[in-house]
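Report on one structure; see the data block that follows.
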Amino acid sequence: GSQVVDRKVDSVCPFCGVGCLITYNVRDEKIVGVDGRDGPANHSRLCVKGRFGYDYVHNDQRLTKPLIRKPGIPKEIGEHSGHWSEVFREATWEEALELAAGGLKRLRDTHGKKSLAGFGSAKGSNEEAYLFQKLVRTGFGSNNVDHCTRLCHASSVAALLEGVGSGAVSNQVNDVENAELIFVIGSNPTSNHPVAATWMKNAAKAGKKIVVADPRGTELGRQAWRVLQFKPDTDVAMLNALIHVVIEEGLADEKFVSERASNFEALRENVKGYSPEAMAPICGIPAQTLREVARAFATSKGSMILWGMGVSQHVHGTDNARCLIALSTVSGQIGKPGSGLHPLRGQNNVQGASDAGLIPMMFPNYQRVDNAQAHQWFEKFWNTPLDDRPGLTVVEIMHKALADDSDPLKIRGMYVMGENPAMSDPDLNHARHALASLEHLVVQDIFMTETAWLADVVLPASAWPEKTGTVSNTDRMVQLGRKAIEPPGEARQDLWIIQDIARRIGLDWTYPGEESGVAAVYEEMRQAMHAAISGITWERLERDSSVTYPCLSEDDPGQPIVFQESFPTPTGRVKLVPADIIPANERPDAEYPFVLITGRQLEHWHTGSMTRRATVLDAIEPMATASMNGADMQRLGVQPGDVITVASRRGEVAIHLRRDDGTPTGAVFIPFAYYEAAANLMTNPVLDPFGKIPEFKYCAVRVTPG
Ligand code: SF4
């Protein structure tokens with residue numbers, strides 16, 4: 001901008017997984033603006049969140065002192081509107097940390113290692129994620145550590161690890177430039193990955209074919225060659241029909257399949273029953289269109305698939321992703337430029353936090369905790385005995401918090417860093433009861449989140465511009481953010497807090513150096529992750545800001561496209577896994593005739609704790625709205641702006657109505673960012689059996705005026 005600033009500090013956007021590089025403009029120790037920097041993912045572009053969503057850090061609701069729950073104040077699970085001082089009192093760090101760590105230690109020593117769990121955050125840095133999971137595994141003594149990847153791409157990752165041997169993307173977003181056909185499914189990138197969407201729109205302008213497959217009509221559809229607005233929940237039917245056409249019309253890449261895939265016969269056998277003609281009435285797409293799309297996909301010089309939560313958040317989320325892997329493999333559209341598989345990561349560091357081991361079944365870099373070799377290696381590396389059984393996942397932890405006293409796996413204490421499960425989990429009434437029932441809950445955050453209201457101790461943490469650290473974006477780029485300003489009041493850096501708690505529960509940790517030892521933590525993590533980032537030293541990040549992995553040595557430029565030679569599976573080949581139709585867990589019926597689809601919108605990020613406190617973003621989208629199409633509104637006799645009640649078997653909200661004819665008939669769309677109309681009060685906590693991801697994209701609701 002043109003304004004005078006005291007300094008400019010280079011960092012990374014704190015919102016989505018696109019990973020735009022930014023520069024903070026600082027004046028009088030405040031951030032007064034953000035510029036786009038010429039990073040590999042953004043080429044100086046930013047969306048409205050990155051550009052204008054920065055002043056949440058200066059919001060007067062920032063937590064600036066440690067807080068301790070006043071004695072005798074019950075944990076209320078409803079909506080909170082009052083001031084925190086009604087429930088908490090200020091404390092010194094010494095008192096708060098002693099209480100926080102002391103409570104966790106006491107539960108561990110009395111009820112055993114399985115009585116504790118930790119949620120880290122995909123909003124934190126890689127170093128924070130690494131240290132947090134190490135604290136849970138070595139200090140709490142179990143693998144009960146998870147984060148919001150479980151709610152996001154856990155099913156995609158399950159399918160990818162099984163099928164191609166790696167959970168990360170095969171090709172980067174900007175590789176759409178080298179594609180001829182870009183297949184975008186279950187994703188609304190214009191809202192959710194806006195700068196990634198600019199690459200797609202530019203590709204369309206350059207004559208590439210875009211296919212948008214989504215039950216909701218989305219803006220990218222306007223640039224598309226074909227729009228497949230399939231019926232909600234019919235992904236497998238539609239995708240199997242596409243695979244059917246590729247195989248039955250002789251368009252499969254036989255050489256690729258015979259040299260680089262396994263289990264092809266089982267897939268071929270399975271999709272025989274999925275002709276486009278048979279699937280058209282199920283998915284609502286004409287057979288001819290399915291054939292055209294399948295032919296174009298298989299025969300183009302490069303076809304690339306990008307997908308989002310619309311694919312992953314179903315009980316059949318893993319099956320959906322298996323179909324995408326199969327479609328791309330049988331067509332030979334993987335392992336070369338302009339092709340491949342790209343699950344668009346949501347949070348700025350959900351890729352990195354997962355890589356760093358913030359998941360219950362894997363150590364850093366996806367080494368299974370129940371693999372004897374990996375287990376032995378980490379016991380030696382961390383010099384401590386480790387549990388060799390996978391821990392509980394996000395939703396399982398909530399269930400176990402409500403388990404009987406006699407249950408040996410009952411969760412009694414939790415440490416939650418930067419996540420807000422009291423807004424982000426499915427079936428919130430249940431999740432909030434679970435959190436409220438804990439004997440000891442420590443929450444570390446920058447605001448009084450819905451989860452913090454249920455805590456015993458609240459520790460004031462640092463916002464992203466107040467610390468130095470790395471994050472890994474959807475493209476496998478490890479990128480460095482530098483501290484621009486000091487945290488407010490007595491708030492402290494998260495790395496400092498984790499280390500202090502670790503020492504108080506008996507761990508002998510020292511990470512010397514500036515910024516809470518961030519470089520030392522990074523270097524330890526680099527060793528723990530073996531080859532993946534071994535060529536990405538801290539010094540290199542300080543010099544280059546962004547390096548793509550796999551990166552095997554310091555002179556390796558990083559590999560933007562993987563699987564060109566082989567797949568990192570045990571056989572070196574793709575494992576094709578056939579999938580059959582499994583219906584959504586809760587179908588509409590006479591009592592609950594609508595389908596609730598949840599998601600995000602451009603201006604607000606996830607549970608809204610940051611963006612709803614950013615002045616410009618809040619001004620653009622100040623209140624919760626539900627979207628329905630005009631025909632449904634007419635049928636119900638309601639108008640835009642009316643208040644409606646949306647209710648499922650689990651909960652209900654009153655919410656203003658907005659007309660959006662892209663919403664399919666019989667469905668209502670609600671973003672989950674608004675505490676006053678929390679969409680997740682209604683969602684269904686049923687899980688995909690492989691990824692353990694809840695079915696956020698489909699549950700039955702009733703819609704009534706007023
Ligand atoms: Fe930030 Fe994502 Fe927007 Fe880029 S596209 S500015 S990373 S929110």
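Just so you know, all these numbers are worked out from the coordinates, no wet-lab data involved. The model shown is predicted, which means the values in this text are computed figures rather than measured ones. A quick note on method: Cβ atoms are made from the backbone with ideal geometry, for glycine too, and the neighbour counts reach across all protein chains shown.
Side notes on the structure shown:
- Filter result for Val164 (under 26 Å from Thr663 (Cβ atoms), more than 16 Å from the ligand (Cβ to nearest atom) and among the β-branched types (Val, Ile, Thr)): no
- Boolean, Val184 is under 29 Å from the mean Cα position of the chain (by Cα), within 16 Å of the ligand (Cβ to nearest atom), crowded, with 23+ Cβ neighbours inside 10 Å and not in a loop (DSSP other than H, G, I, E, B): yes
- Taking the stretch 48-65 as the range and being out of contact with any helix residue (DSSP H, G or I) (no Cβ under 6 Å at 6 or more places or on another chain), within 16 Å of the ligand (Cβ to nearest atom) and in a loop (DSSP other than H, G, I, E, B) as the test, only Tyr54 passes.
- Pairs with Cβ under 6 Å, 6+ apart, first in the stretch 187-213 and within 21 Å of Leu239 (Cβ to Cβ), second among the aromatic types (Phe, Trp, Tyr): Ser187/Trp307; Lys209/Trp225; Ile210/Trp225; Val211/Phe183
- Filter result for Ala296 (under 15 Å from Phe183 (Cα atoms), in contact (Cβ under 8 Å) with a residue 40 or more places away in the chain and surrounded by fewer than 24 Cβ atoms within 10 Å (Cβ to Cβ)): yes
- Any hit, the stretch 15-30, residues being buried (at least 22 other Cβ atoms within 10 Å of the Cβ), in a strand (DSSP E or B) and near the ligand (Cβ under 8 Å from one of its atoms): yes
- Scanning the stretch 610-625 for residues that are over 23 Å from Val646 (Cα atoms), more than 15 Å from the ligand (Cβ to nearest atom) and polar (S, T, N, Q) turns up just one, Thr615.
- Number of residues in the stretch 20-52 that are of a type outside the set (Val, Ile, Thr) and within 30 Å of Arg89 (Cα to Cα): the value is 2.
- Residue among Asp688, Asp642 that alone is acidic (Asp, Glu) and surrounded by 22 or more Cβ atoms within 10 Å (Cβ to Cβ): Asp688
- Qualifying positions in the stretch 31-47 - more than 9 Å from the ligand (Cβ to nearest atom) and polar (S, T, N, Q): Ser44
- Test: residue in the stretch 70-89 that is within 16 Å of the ligand (Cβ to nearest atom) and free of Cβ contacts under 8 Å to residues at least 60 places away in the same chain: no
- Residue among Val257, Val236 that is among the β-branched types (Val, Ile, Thr), within 23 Å of Pro588 (Cα to Cα) and assigned to a helix (DSSP H, G or I): Val236
- Qualifying positions in the stretch 31-40 - more than 16 Å from Lys483 (Cβ to Cβ) and in a strand (DSSP E or B): Val32, Gly33, Asp35, Gly36
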